[in-house]
Amino acid sequence: MDHELMTVPVDRAVEIMRAWALHTWPMTADEGVEVYTGLGFTPRPEDRTFFTSDMSPQEVDSFFIVDGGRVASGALRLSNWVPEEDWERSLPKSRAAFGEYVRAYTRVLGEPLSSEDEGTDFSCRWILDTKVMVMLIGNEAFINLHVDSPENTGLFLWEREMEERGEDYM
């Protein structure tokens with residue numbers, strides 16, 4: 001069976017990113033639920049930190065992590081999941097959609113802090129003035145949006161600084 005990569009429209013990807021990244025932080029779990037239900041997604045009945053997406057309206061494929069009663073991070077699906085036997089064919093479409101998302105996110109968020117491209121895995125990271133981190137991750141199987149709280153972003157920046165100085169932080 002042939003599984004083609006399907007992605008959300010660029011404007012919708014921006015709407016989803018803005019709803020999470022531009023929300024007031026810290027964000028409670030209840031506020032996280034309000035964000036995704038406001039986007040039209042529905043929770044898993046037994047665990048509301050898991051929810052549907054445009055690409056999977058019947059099954060959960062996105063989630064957020066709660067730490068100390070607050071949302072620490074979220075992972076949101078912007079495409080379907082392509083099985084391994086179709087990866088080679090899906091990679092060009094994934095790269096094209098990823099590039100469109102990066103251009104659109106850059107118009108909203110400014111220039112990214114970093115970009116990586118390792119052939120079949122690519123990512124782009126922005127850190128907002130509020131210290132919320134937005135990361136777009138793509139490969140031949142899927143495209144995901146990750147959003148990190150200011151606390152998680154602070155930890156990321158600290159670890160990055162330690163690595164740049166050649167210090168072991170573990």
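Across segment 118-147, the number of residues qualifying as open to solvent by 40 Å² or more (accessible area, probe 1.4 Å) and touching a helix residue (DSSP H, G or I) at 6+ places or on another chain (Cβ under 7 Å) comes to 4.
Scan segment 1-54 for residues that are charged (D, E, K, R), in contact with a Lys or Arg (Cβ under 8 Å, 6 or more places away or on another chain) and under 23 Å from Val66 (Cα atoms) and the total you get is 1. Restricting attention to segment 9-48 and to residues that are among the aliphatic types (A, V, I, L, M) and outside any helix (DSSP H, G or I), the residue that is surrounded by the most Cβ atoms within 10 Å (Cβ to Cβ) turns out to be Met27. Among residues of segment 139-155 being β-branched (Val, Ile, Thr) and more than 18 Å from Ala29 (Cβ to Cβ), the one that is nearest to the chain's Cα centre (by Cα) is Ile143. From the list Arg89, Arg95, Arg107, the one residue that fits, being of a type in the set (Lys, Arg), under 23 Å from Thr153 (Cα atoms), assigned to a helix (DSSP H, G or I) and open to solvent by 60 Å² or more (accessible area, probe 1.4 Å), is Arg107.
Scanning for something closer than 20 Å to Met133 by Cα and of a type in the set (Phe, Trp, Tyr), does segment 60-78 turn up at least one residue? Within segment 60-78 (the criterion being closer than 20 Å to Met133 by Cα and of a type in the set (Phe, Trp, Tyr)), the answer is yes, since at least one residue qualifies.
Taking each residue of segment 152-170 that is surrounded by 11 or more Cβ atoms within 10 Å (Cβ to Cβ) and looking for partners that are at pLDDT below 85 and of a type in the set (Phe, Trp, Tyr) with beta-carbon atoms closer than 6 Å, six or more apart or interchain, yields Glu159/Tyr169; Met162/Tyr169.
I need the full set of residues from segment 12-44 which are in contact (Cβ under 8 Å) with a residue 24 or more places away in the chain and acidic (Asp, Glu), in order please. Across segment 12-44, the qualifying residues are Glu15, Glu31.
Every test in (1) closer than 16 Å to Val132 by Cα; (2) touching a residue at least 12 places away in the same chain (Cβ under 8 Å); (3) open to solvent by 60 Å² or more (accessible area, probe 1.4 Å); (4) of a type outside the set (Asp, Glu) is passed by Met6 save one, and that test is (1).
The values are calculated or read from the model by the stated rules, or taken from the named source; none is laboratory data. Owing to the predicted nature of the structure, the values given are computational and were not obtained by experimental measurement. Cβ: placed from backbone, ideal geometry, glycine included. Neighbour counts: every protein chain shown. These area figures cover heavy atoms from the full protein model, side chains too; ligands, DNA and RNA do not enter into them. Shrake-Rupley method; radii C 1.70, N 1.55, O 1.52, S 1.80 Å.
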